[in-house]
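The values are calculated or read from the model by the stated rules, or taken from the named source; none is laboratory data. These numbers come from a predicted model, not from an experiment. Here Cβ is always computed from backbone atoms with ideal geometry, including for glycine, and neighbour counts include all displayed protein chains.
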Amino acid sequence: MSAWQQARRSARMNPSIIREILKLTERPGVRSMAGGLPSPDSFPVEAMRAACAKVLRDTPREALQYAASEGFGPLREWVAAHLAKQGLAVTADQVLITTGSQQGLDLVAKVLIDAGAPVAVETPTYLGALQAFTPFEPNFVSIECDDDGPLPPSMAALASRAPGTRFAYLLPNFQNPTGRVIPAGRREALVQAARQARVPLVEDNPYGDLWFDAPTPPALSSLWPEGSIYLGSFSKVLAPGFRLGYLVAPTELAPKLLQAKQAADLHTPGFNQRVVYEVVRDGFLEQHVPTIRARYRAQRDAMDAAMRRHMPPGTSWRAPQGGMFFWARLPEGLDAMQLLDSAVAAGVAYVPGGPFYAHAPDARTLRLSFVTLSQDDIADGVAVLGRVFHEALATAALTTP
Ligand SMILES: Cc1ncc(COP(=O)(O)O)c(C=O)c1O
């Protein structure tokens, strides 16, 4: 018998289905629409190389030393100024630099979730957040959603349905997995409903800068700063390998989040923070992000065109206005999880939608990333998927009495 006894929470740590699927996609010849990775062609390698050299030349000892848990001061200032341009009035001392925004989710969970406490999530929601929150044993409450995001009456109903809800986790821009955006009017109604229900908000916004057609409406946090935590990330606008994100919290919560951060990793790598600061300090993102938008927009168009051509009748989707994902719903009778093996055998991988739901998964849904494949591979891959789904429909018709 083993001498180790695991904590109760470890039983709730499960392998991410996405990571499991990514293993399948590593097979040679599989075109993967499964990953949530940005396009490596969008990484500004030369700017990074120059910034690394500069940091090592000018401040090598500071960059390689332990540093402040809150983050590198000039980068915190930069984040505050960047958010101010988007209408979020934030001071640098409210900004906590995190090791990816994924760490922000973990810190928020540690500080705010007790076992059995209600936590409200969208339907569906980001799987990585479910994974971060679950070990703290929340009682997940699903907020009803439509194509424009969470429904305000469902938010308002939390007051009676789930009193004491610790927070509602919301993804207003190009949501992972659905790609949807919460329109401006809906944001106002949602925040009003949340305030009335006394449910604070955790706003996760890694994709907001990746808009194709028009900038996104004001952040939820700008409508209720003292009732919101805001999470941002450099992963999708620069590169995820630096593991740099940030969290903005109301002053009453900031010290606890900082203590949780200290216990987790003392601080986010100072070298990485200095390199990224060197890259962004003089307005680099203002030229760089539009190049990502243009690249992803063309890929979005290629996928939409291919879907129109190849998906069987009865499949529904909305071409996203930004971000990295299409979300599709297959015709009645098809199950995206069951069809994954056939799709991978035919040479294409996607993520079935079921795991993104806290409750009542919709087995007909799936997520398709359009940013890491070329336009030709998108066209060919969607054609293959269309064939797999058409064949499954034909088989279902034959076997249905
Ligand atoms: C909605 C959402 N939040 C957070 C993250 C984590 O991002 P990172 O830790 O790289 O900042 C991701 C990554 O894909 C995401 O899609």
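The residue of the range 2-23 that is nearest to Leu340 (Cα to Cα), among those that are more than 22 Å from the chain's Cα centre (by Cα) and not hydroxyl-bearing (Ser, Thr, Tyr), is Ala11. Does Leu393 satisfy the condition of being closer than 25 Å to Leu130 by Cα and aliphatic (A, V, I, L, M)? Judged against the criteria, Leu393 is not a match. Scanning the range 261-270 for residues that are assigned to a helix (DSSP H, G or I), away from the ligand (no atom under 16 Å from the Cβ) and among the hydrophobic types (A, V, I, L, M, F, W, C) yields a total of 1. In the range 31-52, the residues that are closer than 21 Å to Gln273 by Cα form Cβ pairs under 6 Å with partners that are more than 13 Å from the ligand (Cβ to nearest atom) and part of a helix (DSSP H, G or I), at six or more places apart or across chains, as follows: Ser42/Ile292; Pro44/His288; Ala47/Val279; Ala51/Val275; Ala51/Glu278; Ala51/Val279; Cys52/Val275. Here the helices (runs of 4 or more DSSP H) wholly within the range 142-253 that include at least 3 residues being over 15 Å from Leu88 (Cα atoms) and more than 13 Å from the ligand (Cβ to nearest atom) are 152-156, 158-161, 184-197. Within the range 280-294, the set of residues being in a helix (DSSP H, G or I) and either surrounded by fewer than 15 Cβ atoms within 10 Å (Cβ to Cβ) or at pLDDT below 95 (or both) comprises Glu286, Gln287, Pro290, Thr291, Ala294. Total residues in the range 75-120 satisfying the condition of being more than 15 Å from the ligand (Cβ to nearest atom), surrounded by 19 or more Cβ atoms within 10 Å (Cβ to Cβ) and among the acidic types (Asp, Glu): the figure is 0. Would you check if there is a residue in the range 373-388 being modelled with pLDDT of 95 or more, within 29 Å of Phe140 (Cα to Cα) and charged (D, E, K, R)? No.
Any idea which of Arg49, Arg57, Arg12, Arg19 is touching a helix residue (DSSP H, G or I) at 6+ places or on another chain (Cβ under 9 Å) and of a type outside the set (A, V, I, L, M)? Among Arg49, Arg57, Arg12, Arg19, only Arg12 is touching a helix residue (DSSP H, G or I) at 6+ places or on another chain (Cβ under 9 Å) and of a type outside the set (A, V, I, L, M).
Screening Glu226 with (1) within 27 Å of Cys52 (Cβ to Cβ); (2) surrounded by fewer than 21 Cβ atoms within 10 Å (Cβ to Cβ); (3) charged (D, E, K, R) gives one miss only, at (1).
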